[in-house]
Amino acid sequence: MNISKKDALDYHSFPTPGKVEVVSTKPCFTQRDLSLAYTPGVADPCLEIEAHPEDIYKYTSKGNLVAVVSNGTAVLGLGNIGAAAGKPVMEGKGILFKRFADIDVFDLEMASENPDEIIRACQLLEPTFGGINLEDIKAPECFYIEETLKKTMKIPVFHDDQHGTAIISGAGLINALEVVGKDIGKVRLVVNGAGAAGFSCADHYVRLGVKRENILMCDTKGVLYKGRTEGMNKYKEKFTADTKLRTLAEAMKGADVFIGLSVADVVTPDMLLSMTKDPIVFAMSNPNPEIKYELAMATRSDILMATGRSDYPNQINNVLGFPFIFRGALDVRATRINDEMKLAATYSLAKLAREDVPDSVRKAYGGQKLQFGREYIIPKPFDSRVLIWEASAVAEAAMKTGVAQKPVDIAVYRLQLEKRLGRAREIMRTVIEKAQRKPKRIVFPEGEEEKILRAAQELMDEKIAVPILLGAEARIRATIAEHGLSLEGVEIIDPAIFPGRAAYVEKYFKIRERKGATLHRSEEIMLNNRNAFGAMMVHMEDADALVSGLTDHYPQTIRPALRVIRMQEGIKKVSGLYMLVMKKEIYFLADTTVNIDPSPEDLAEIALLAAETAKRFNVEPRVAMLSFSNFGSTAHPLAAKISRAVEIVREKAPDLMIDGEMQADTAVVPEIRATTYPFSTLKGGANVLIFPNLEAGNIAYKLLSRLGGATAIGPILMGMSKAVHVLQRDAEVSDIVNMSAIAVVDAQEKERTDARKSRIGAAA
């Protein structure tokens, strides 16, 4: 990635100078708003806080507000450039807090190199902030400042330059040792850079299991050895070793691990060659590492390397730590960030790196193949799962160690964190939980596809569904192994050798014998058309649901199912629906995928099915039948068609809230109806939108998802007697998992409906 000086300066100056702004969380448009926000209304929360000091977390932003404090004495690799020059970095820190953990930040640049002045300033600001993030303060003053603040303040204080690097590199170290097969208690480790990060890393590695006697630390003058006097201080004394080694080159001979926290190009190829087999090298100097990545890889083929750069594998980036550590600490109102919380953060990151990586993350990194191994030992910053895994681990550790003042239920807390990732995740979590109560068998005709296999792994791990994979077993097993999956116990069916295929052929022929089928043709279809085979499995009750369409166009996927599986009783046409999840609202749009020019009867049927689907997602339907006309404003057959559909729905479901025909803005803006069409029976904004034809529905959902920022979930197929659902071509793994969960819930509902009908039939 090439970023020019002009690019960087333009980014920071246009359209508004700087990178942050203050945004109000409450309306302030009317006199009443002003009276509530300030005088006289503001007096009431002030008095409540005076009487109950803990209520400051209830009535102010303190609980989600962190101060990024710096004096600019050790800014990035730029050195002591001063507080003002360091402000762009601190603003950037604020962006990362907000982007990755939804934490608000004020950056405070202090024009002092006196540590006691910085300490006093932070202490005086304790009523304002929920936590303090110390940043870019030179050693050894940074140690004194942090130690003092931790002792004197009752909010979390965290020096990221020290602990952030330690936590993230610690996760990388655990996984690197796993990859090369070395015991953390036996490895010999060299740290180059006796500064804040170096000391913290060494301490943290000891807590992880590295023996202190197996650590050698070096600075610009060589090894920190017992008896050395040159360039020493009390912090360096702690890491002196009883050794005759004096130089970095000597220290690296026979070492298993090199940790670079120093300057560029201090490690030579000869030094690398002197290390043990499968050496682990974390060259974290920025912007240029202790040895260039290309040179290191050319020197040894068995090296496992990480850097601080994003353009090479295994970036050790502090953004994986501080936002999520503070998130967990703030949410349980921790009084400090202790060693146990740091360890919890490290272990959570190490564990997450071993999980399958979502497609969304791969896309964010240019489609890289991200799989646990030598080039992927730590998660990527844009992996949204880091928030859930790390913050909850930190919160749990805070509670276990007694520093949490507001304990939480971790299971509930993880769900709350998930909500921060967006409404779509929240909705799908509800569906997934329903699916997990009674998982169903889903057949995947595209069982040889990598994405299907990765989705199947997640479905099995999370106990959402029981996948059945169609395809050649040898090919499926090879793909499973290639991508590091297990899928232990998964059912694989190859139609070519399936012993029950003859029964499927006979049944298919029976269904289609008066629709042009022959026995020979039926045999060919069952052998070569896996969508048809999967549909037969569902029809024969060898599977409960079918999910397909990753590699086929929509018609090729749905047509075989329609030929085998009957529609719901009383339903004349199948239709398609998309659920669009906005920031605050959820909308159900139909028909968006199947019926080109539906009749009034078809539209009525679609509306009823869409309303039932909304209820399945715990949404009370408010249905609007859309047109270019408002309640007869335009006398046209197309408008009359919609009006007639409304009449039919009201006859069949008089309790359903529905109205039309109406324009789209009339549907979703209740004020328009209240002022212009007060007679409308639709109350509130519509959340189920029925389009007059496929053209309108398809265009609308795609525009809303692409330009309107909505998350589209679907297509959800409505009207089938069995659970059959179609994927979008090239769907991501998360989409496949979501659609599978929907298919399971659909199958559960159909099972309940069938059971209810059986009971009624038996009673009759």
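The values are calculated or read from the model by the stated rules, or taken from the named source; none is laboratory data. Bear in mind the structure is a predicted one, so any value in this text is a computation, not a measurement. When we count neighbours, we look across all protein chains shown, and the Cβ atoms used for this are built from the backbone with ideal geometry, even at glycine.
Filtering the stretch 665-681 to residues that are within 19 Å of residue 643 (Cα to Cα) and of a type in the set (S, T, N, Q) leaves 666, 676, 680, 681. Kindly check whether there is at least one residue in the stretch 67-89 that is at pLDDT below 95, outside the structural domain of residue 110 (by TED's automatic domain parsing) and under 14 Å from residue 107 (Cα atoms). No, there is no match, as no residue in the stretch 67-89 is at pLDDT below 95, outside the structural domain of residue 110 (by TED's automatic domain parsing) and under 14 Å from residue 107 (Cα atoms).
Give the stretch 544-580 a look and list any residue that's part of a strand (DSSP E or B) and buried (at least 22 other Cβ atoms within 10 Å of the Cβ), or say none. Passing the criteria: 545, 546, 547, 548, 575, 576, 577, 578, 579, 580. Quick check: anything in the stretch 411-432 of a type in the set (Phe, Trp, Tyr), surrounded by 16 or more Cβ atoms within 10 Å (Cβ to Cβ) and at pLDDT below 95? Yes, the stretch 411-432 contains a residue that is of a type in the set (Phe, Trp, Tyr), surrounded by 16 or more Cβ atoms within 10 Å (Cβ to Cβ) and at pLDDT below 95.
With respect to being part of a loop (DSSP other than H, G, I, E, B), in contact (Cβ under 8 Å) with a residue 12 or more places away in the chain, not charged (D, E, K, R) and not assigned by TED's automatic domain parsing to the domain that holds residue 394, residue 92 falls outside the description. Within the stretch 455-497, the residues that satisfy the criterion of being closer than 24 Å to residue 354 by Cα, assigned to a loop (DSSP other than H, G, I, E, B) and not aliphatic (A, V, I, L, M) are 462, 463, 483, 484, 486, 488, 489. Taking the stretch 668-764 as the region of interest, the strands (runs of 3 or more DSSP E) fully inside it that hold 2 or more residues being over 27 Å from residue 552 (Cα atoms) and of a type outside the set (Lys, Arg) are 688-690.
When you look at residue 534, is it in contact with a strand residue (DSSP E or B) (Cβ under 8 Å, 6 or more places away or on another chain), in the same structural domain as residue 459 (by TED's automatic domain parsing) and part of a helix (DSSP H, G or I), yes or no? Yes, satisfied. Per the conditions (1) in a loop (DSSP other than H, G, I, E, B); (2) surrounded by fewer than 17 Cβ atoms within 10 Å (Cβ to Cβ), the sole criterion not satisfied by residue 593 is (2). Taking every residue in the stretch 648-673 that is of a type in the set (Lys, Arg) and pairing it with any residue that is assigned to a strand (DSSP E or B), at least 6 positions away or on another chain, the pairs with Cβ-Cβ distances below 8 Å are 650/658; 673/662. Taken over the stretch 144-190, the criterion of being β-branched (Val, Ile, Thr) and more than 25 Å from residue 380 (Cβ to Cβ) is satisfied by 145, 148, 152, 155, 157, 187, 190. Inclusion of residue 116 among residues that are assigned by TED's automatic domain parsing to the domain that holds residue 307, in contact with a helix residue (DSSP H, G or I) (Cβ under 9 Å, 6 or more places away or on another chain), acidic (Asp, Glu) and without any contact (Cβ under 8 Å) to a residue 24 or more places away in the chain is not warranted. Looking only at the stretch 626-641, decide whether some residue is surrounded by fewer than 20 Cβ atoms within 10 Å (Cβ to Cβ), assigned to a helix (DSSP H, G or I) and among the small types (Gly, Ala, Ser). Checking the stretch 626-641: at least one residue is surrounded by fewer than 20 Cβ atoms within 10 Å (Cβ to Cβ), assigned to a helix (DSSP H, G or I) and among the small types (Gly, Ala, Ser).
Residue pairs whose Cβ atoms lie under 8 Å apart, separated by 6 or more positions or on different chains, with the first residue in the stretch 330-346 and assigned to a loop (DSSP other than H, G, I, E, B) and the second polar (S, T, N, Q), are 332/405; 333/405; 335/405; 338/401.
Taking the conditions exactly as written (surrounded by 24 or more Cβ atoms within 10 Å (Cβ to Cβ) and over 21 Å from residue 462 (Cα atoms)), does residue 715 satisfy them or not? Here the answer is yes, as residue 715 does meet what is asked.
Apart from one condition, residue 280 fits all of (1) surrounded by fewer than 16 Cβ atoms within 10 Å (Cβ to Cβ); (2) in contact with a Leu (Cβ under 6 Å, 6 or more places away or on another chain); the exception is (1).
Restricting the search to helices (runs of 4 or more DSSP H) fully inside the stretch 122-227 and requiring at least 2 residues that are free of Cβ contacts under 8 Å to residues at least 12 places away in the same chain and out of contact with any Ser or Thr (no Cβ under 6 Å at 6 or more places or on another chain) gives 141-152.
Of everything in the stretch 365-383 that's out of contact with any Pro (no Cβ under 8 Å at 6 or more places or on another chain) and under 18 Å from residue 454 (Cα atoms), which residue is surrounded by the fewest Cβ atoms within 10 Å (Cβ to Cβ)? Only one residue tops the list, namely 367. For the stretch 599-647, a residue qualifies if it is more than 41 Å from the chain's Cα centre (by Cα), in contact (Cβ under 8 Å) with a residue 40 or more places away in the chain and at positive phi, and exactly one does: 631.
Does residue 697 satisfy being surrounded by fewer than 23 Cβ atoms within 10 Å (Cβ to Cβ) and assigned by TED's automatic domain parsing to the domain that holds residue 627? Spelling it out, it is not the case that residue 697 is surrounded by fewer than 23 Cβ atoms within 10 Å (Cβ to Cβ) and assigned by TED's automatic domain parsing to the domain that holds residue 627. Summed over the stretch 38-77, the residues that are in a loop (DSSP other than H, G, I, E, B) and either of a type outside the set (Ser, Thr, Tyr) or loosely packed, with under 12 Cβ neighbours inside 10 Å (or both) give a count of 11. Of everything listed in (1) loosely packed, with under 11 Cβ neighbours inside 10 Å; (2) among the polar types (S, T, N, Q); (3) not in a loop (DSSP other than H, G, I, E, B), the single unmet condition for residue 35 is (1).
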